[in-house]
């Protein structure tokens, strides 16, 4: 059986039936779907526009907050890997990535990705995020789990999974994010990717958004009512007596 060992925790094994490489963690097959996936948003005009017009923005990896993320140096002899159309070390013309998390109750996620509870989160059915695939815009897209080995291993470009290894491997200290990525191969410079509104199953708002910007909160509630009229909306607070988050339902 073909195997590629990343570290003492993660390993890739070739599946003869599907002809794909499967990921194993501690000798157990990692699932290819999540029950729930959550998209975190800080409060800004671009994210309000994305909410109003129900689209994901497919980021260039060069814009990520971790400069080691999607680092092309994970692949040997990268100067010959022309199909990625590389501009610089981790910037790609033809790749767009949208990130999600399996967790909604992690303090760090709310602090880092909603600007300290000043933003909002959309919850999706992890096995069924419905997007409007535009063939003139995107060649193909895949929803894939991120793995977090203790040490990043350089691989040979001859492996047919080399590209997705680069895009879905992060160092261990990011593991709290429990990240999944929608990875799209783009045909043009359009990085907006529309999703169906009924893909959204829950909505969450950070409590400091209400404390600091009541007008923005009223605007978000109006958008929620228009775009997602039957979806429950929760405000997220620190629990008053325990070291955990508290979710208070405010709509539907």
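Details
- Between residue 243 and residue 173, the C-beta separation translates, for a Förster distance of 22 Å, into a calculated FRET efficiency of about 0.55.
- Full-stretch length increase - residue 136, residue 215 - with 0.36 nm per residue and alpha-carbon distance subtracted: 24.6 nm
- Which of 163, 16, 5 has the fewest Cβ neighbours within 10 Å, and the rest in rising order: 16, 5, 163
- In the chain, the convex hull through the Cα atoms has an average projected area of 14.8 nm², a quarter of its surface area.
- Within a Gaussian network of the chain (alpha carbon springs, distance under 10 Å), most fluctuating of 240, 149, 232: 240
- Here region 109-138 and region 161-231 have alpha carbon centers that stand 2 Å from each other.
- Our summary of shape: the Cα atoms of region 131-184 have principal axis extents of 39, 30, 11 Å, ordered from largest down, in whole angstrom.
- Tensor-based shape of region 110-252 (alpha-carbon gyration tensor, a/c under 1.5 rounded, otherwise prolate or oblate): oblate
- Judged by the gyration tensor of its Cα atoms, with axes a ≥ b ≥ c, region 205-252 is oblate; a/c meets the 1.5 cut and b/c is at least as large as a/b.
- Per-residue ellipticity at 222 nm from helix content only, as computed over the chain with -39500 (n - 2.57) for each DSSP H run of at least four residues, stands at -4500 deg cm²/dmol.
- Tensor-based shape of region 83-189 (alpha-carbon gyration tensor, a/c under 1.5 rounded, otherwise prolate or oblate): oblate
- Backbone N atoms of region 27-56 closer than 18 Å to the 7 Å Cα→Cβ label point of residue 116 belong to residues 41-44.
- Springs join every pair of Cα atoms under 10 Å in this Gaussian network model of the chain, and among 94, 73, 27 the largest mean-square fluctuation is at 27.
- Candidates 155, 147, 95, ranked by Gaussian network fluctuation over the chain, Cα under 10 Å, top entry: 155
- The ranking of 245, 139, 37 from fewest to most other beta carbons within 10 Å of each one's beta carbon is 139, 245, 37.
- Rounded tilt (10° steps) of 214-227 against the dominant C-alpha axis of the chain: 70 degrees
- Within region 212-247: backbone nitrogen closer than 20 Å to the residue 107 label point (7 Å, Cα to C-beta): 235-247
- Difference of contour (0.36 nm per residue) and Cα-Cα distance, residue 29 to residue 16: 3.2 nm
- R0 of 22 Å, Cβ-Cβ distance residue 251-residue 59: FRET efficiency to nearest 0.05: 0.15
Read-outs throughout are calculated quantities, based only on the coordinates presented, and are distinct from any laboratory measurement. Please read these numbers as outputs of a predicted model, since none were measured by experiment. So basically every Cβ, Gly included, is an ideal-geometry build from the backbone, and we count neighbours across all protein chains shown.
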